[in-house]
1. Treat the count of other C-beta atoms within 10 Å as a stand-in for reagent exposure and order B:Ser240, B:Ser48, B:Ser331 from fewest to most.
2. Identify the chymotrypsin sites (Phe, Trp or Tyr not before Pro) of segment A:237-290 meeting these criteria: DSSP loop state and at most 14 other C-beta atoms within 10 Å of the C-beta.
3. From the helices alone, meaning DSSP H stretches of at least four residues, give me the mean residue ellipticity at 222 nm for chain B, per-run term -39500 (n - 2.57), in deg cm²/dmol to the nearest 500.
4. Which shape class applies to segment A:148-280: rounded if a/c is under 1.5, otherwise prolate when a/b exceeds b/c and oblate if not, where a ≥ b ≥ c are the square roots of the Cα gyration tensor eigenvalues?
5. Using a simple charge model, +1 on the beta-carbon of Lys and Arg, -1 on the beta-carbon of Asp and Glu, nothing else, what dipole does chain B show about its Cα centre, in debye to the nearest 20?
6. Gap in Å between the Cα centre of segment A:50-104 and the Cα centre of segment B:269-288?
7. Taking square-rooted eigenvalues a ≥ b ≥ c of the alpha carbon gyration tensor, is the protein assembly as shown rounded, prolate or oblate, where a/c under 1.5 means rounded and, failing that, a/b exceeding b/c means prolate?
8. As a footprinting exposure proxy, order A:Arg313, B:Arg12 by other Cβ within 10 Å, with the fewest listed first.
Amino acid sequence: MYTPSKADMDFIPWFFSYLTCYPSNFYHEMDVIRLLFEGIILAAAKQINEERSASSIFHLLVGNRNIQTIQDAHIFANQHFYGIYKSLKKPLFDERLRDLIRRGLLDETVNEKGRSMVSVSKKGLEWLNRNQAELPIHYFRGLEYREKAEVFYRRLALIIQTFTNTKRNHFTFIPVIHDREVEQFVRKFYHRLKGQEQEYLETLYVELESLLSKLQEKEAEMFIDRFSGYKHYGKSLDQLATHYNMDVSDVRLLLTGIIHFILNHIEKENNHYQALYAVIADYKTPVHLSYSTGKTYRLFQQGYSPEEIAKLRRLKINTIHDHLAEIALYDPDFPITSFVSVKEAEEILAAMKRTKSFKLKTIKDEVSPTISYFQIRLMLVFQHKWQKEGEHVDTKVFGGGA
Amino acid sequence: MLTQKYLEEELRKHFRYDSFRTGQREIISDILQGKNVLGILPTGSGKSLCYQLPALLLDGLTIVVSPLISLMIDQVNELKAISYKRVATINSFIGIEEKEFILQHLHRYKLLYISPELLQQEKMLECLKRMKVSLFVVDEAHCISQWGHDFRPDYLKLGKIIEQLNHPPVLALSATAPPAVQEDIVRNLHLPQMVKHIHPMDRANLTFVVEHVASESEKYEQILTYLQKISGPTLIYFSSRNQTEETAKILAEKLPDVNIAFYHGGMEPMDRIHIQQQFMNGQIDVVCCTSAFGMGINKEDVRLVIHFHMPAEMEAYIQEVGRAGRDGNPSMCLLLYGPNDWHVPKTLIENELPQAEEIRIVMEQLKGLATQSAELPSKEWTGTIHEFFQINETKWRFLRFHFEKHGMMKGKKIDYDEKQWQAVYQHLVEWIRKRNIHKMQKLGEMVEWVNTVQCLREALYNKFQSGYSQPIFQCCSNCGIELDEWFSEEKPKRVKTELDWRLKLRKLLVE
């Protein structure tokens with residue numbers, strides 16, 4: 001039985017926070033299980049609560065790169081869902097959304113611009129309460145891992161396939177991954193460990209066994225079923241869905257969640273999981289900033305203040321503030337306290353609570369004129385971290401300035 | 001240097017085969033002497049070896065143009081698996097970075113697979129022009145012919161590209177090209193002096209069966225009967241992706257001891273490899289698939305090929321049943337035919353090329369643009385150009401090709417001339433009408449074959465060649481077959497042992 005640690009809970013919306021364990025009746029025998037995907041749509045919709053259109057949930061799940069989507073992920077504390085279902089197609093999403101509305105779990109309203117907004121109905125809230133223990137939502141860390149998890153998994157799959165074959169001197173297998181970057185990594189990795197395949201695989205066994213023990217039996221089994229080895233090719237997503245009597249979207253999402261879960265543990269305790277950590281140790285998640293923002297970011301990292309950067313780049317200070325607000329979306333170590341004092345932060349948070357709004361203008365009207373739009377934008381991104389850790393101001397996040 | 005012994009040694013060294021299959025050595029020998037060759041070899045006879053071996057022996061780059069991306073990817077994988085490393089593929093599935101990498105390191109490769117669309121790109125051609133191209137291969141060469149079963153307008157530009165590459169020796173290959181199509185290939189490539197190697201396409205080990213059914217559920221019953229009587233790896237072809245999934249599900253319920261999966265082009269790459277290789281590896285017995293499956297698959301012992309839907313023409317049918325019995329042992333090709341089964345291919349034919357009304361609307365829009373800026377939309381339009389005209393990509397590529405050919409457009413520039421445009425419109429409409437009639441005739445032939453009371457083998461092969469070999473086992477359902485004589489082994493019950501996940505992990509990694 002797995003009990004989530006404090007760190008696992010960071011990304012869990014409040015209504016899951018009293019989750020301590022989850023029971024084993026996850027898999028029923030009869031009907032195809034459709035749970036996780038629906039649960040995720042409901043959970044995300046609950047957070048957004050009609051402040052954005054229904055399709056913003058779609059953009060969240062596929063990990064749309066535009067600033068609005070990323071900012072919304074922060075504002076509504078949906079970071080953990082960001083980009084967890086990249087291959088999701090709009091028609092499928094719409095179909096599921098319609099189905100949830102039809103079953104009365106979501107209420108739909110159409111706003112003045114003709115866009116569909118959804119909120120979780122009373123029935124939907126009951127559904128979430130009833131099923132929350134079975135929804136492994138705390139596995140997901142989308143904003144952090146959406147790219148890394150894929151690279152990690154693809155590398156691991158190819159390493160396992162390669163090593164289990166080469167240790168038997170079997171070199172003529174069809175690789176399950178063809179991706180130049182992954183192939184090159186595995187080639188190097190192989191040359192480094194050539195001759196020690198057996199040892200490496202044994203260590204890998206110990207580490208994976210220890211990690212998978214923290215999951216449910218069926219989850220561990222499903223994760224393993226997808227790997228290919230010596231004269232053995234793993235199951236496709238559809239085969240897994242049939243085998244475990246689950247909806248294929250749920251299979252996909254659950255596997256993604258498991259990978260995020262594993263990756264998180266590997267990174268936190270990398271000296272316990274050296275064989276696995278070696279698969280991803282070199283990887284740096286690319287930061288997707290626009291060209292100009294990237295320039296500002298590099299200067300900022302070198303210790304220049306926003307005013308100095310504006311001068312150097314001959315840009316308006318407002319432009320630099322725009323850049324910094326964008327950077328804050330991606331950089332978890334962004335030194336927010338250099339720009340917002342504890343007092344100002346509390347004033348902004350209070351205004352947000354009072355107005356129940358995330359609109360810049362509405363909040364601006366409610367706070368002292370000395371507080372800028374820039375500071376409000378930063379607080380929109382950092383509100384949840386602040387609320388969680390603000391009482392005992394964490395020195396890492398809120399400590400040192402630039 | 002080109003002695004038989006030398007070629008056989010090279011074959012053994014690189015491919016670990018002891019001898020050539022019919023036709024291969026003659027073609028390779030001609031290629032190595034710098035001749036232009038047209039090779040018509042039946043499916044599964046090892047066509048690709050005819051350029052894979054020369055590519056290694058010649059000192060420049062061999063370019064292979066192929067319209068089938070999955071086939072290219074499969075072949076590259078297979079070659080890499082046998083340590084044939086200096087091979088790459090450029091197609092629309094690979095990323096820009098990978099494409100750049102390949103183009104910058106072209107000298108590292110002996111063999112480059114490329115799709116016809118990408119070969120048209122100016123930059124691509126510039127890079128290739130700088131290379132020494134020692135052989136230019138046109139795979140699936142029948143695609144160049146309007147009368148072939150898979151016409152691709154992009155193929156018509158190959159003649160010009162060969163010219164721009166300074167006339168390297170050309171090898172054109174096809175499995176299904178009747179004489180009229182062969183002539184088209186030679187003419188469109190501008191290579192009248194091509195040496196022809198035409199080999200008979202009939203396969204003596206195949207038994208042809210057509211079952212007429214009254215409903216879809218009867219098709220399922222038939223499938224169950226045949227699967228129980230004939231054991232061995234089986235492919236079931238469908239014309240719709242959804243139906244591969246549905247049927248796989250239904251069959252899996254009825255036959256719990258048989259491992260059944262489905263495969264189609266909409267699956268993600270890793271899953272496609274999983275299913276293909278499970279089939280190669282004997283982990284699954286039956287694959288419900290679309291025609292996307294099997295192209296690059298070289299499984300020798302496929303015993304049964306079932307067509308749940310009839311293909312639109314005999315050529316396609318011959319190609320698909322050609323995946324059965326490559327090991328030479330008796331194999332069965334079963335076609336299931338229901339009362340209205342010709343509707344689907346008919347609709348596909350009608351929608352393949354633009355209809356008169358669509359052409360008219362596109363030309364109207366173009367005319368509008370011509371009077372404004374005389375250019376195709378670029379900046380203000382963020383979507384693709386075919387979306388602008390609201391037609392699908394294939395149709396737009398077809399129209400663009402013809403508009404350019406008639407000087408109505410060049411790159412982004414549009415040149416309006418009322419009289420000429422009117423003539424082009426008339427010409428295209430007429431051309432498409434003729435082609436659709438032709439396609440419908442091909443479909444008619446297929447339907448006729450399905451309904452014939454004559455010997456199916458004779459009726460099938462006589463369209464393509466004179467004469468055929470006698471069957472080694474049962475001939476066809478019209479000559480009479482005896483299902484009970486087919487090889488059917490009592491399968492050892494698959495012991496579906498459910499291993500604990502720890503044992504599974506142990507088995508995967510350390511045993």
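Just so you know, all these numbers are worked out from the coordinates, no wet-lab data involved. These figures come from a predicted structure and were not determined experimentally. So basically every Cβ, Gly included, is an ideal-geometry build from the backbone, and we count neighbours across all protein chains shown.
1. On the way: B:Ser240 13, B:Ser48 18, B:Ser331 26.
Listing B:Ser240, B:Ser48, B:Ser331 from fewest to most nearby Cβ atoms yields B:Ser240, B:Ser48, B:Ser331.
2. Numbers: sites: A:Tyr244, A:Phe261, A:Tyr273, A:Tyr277, A:Tyr283; in loops: A:Tyr244, A:Tyr273, A:Tyr283.
Here the chymotrypsin sites (Phe, Trp or Tyr not before Pro) that fit, given the DSSP loop and packing criteria, are A:Tyr283.
3. On the way: 20 runs with 222 residues, N = 511.
That calculation yields -13000 deg cm²/dmol at 222 nm.
4. Numbers: a/c = 1.70, a/b = 1.26, b/c = 1.35.
Oblate is the answer for segment A:148-280, as a/c is 1.5 or above yet b/c matches or exceeds a/b.
5. Details: 61 positive and 66 negative charges, 311 e Å.
That gives a dipole near 1500 debye.
6. Cα centroid of segment B:269-288 versus Cα centroid of segment A:50-104: 33 Å apart.
7. Values: a/c = 1.76, a/b = 1.49, b/c = 1.18.
Prolate, because a/c is 1.5 or more and a/b exceeds b/c.
8. On the way: A:Arg313 16, B:Arg12 12.
So the ranking, lowest neighbour count to highest, is B:Arg12, A:Arg313.
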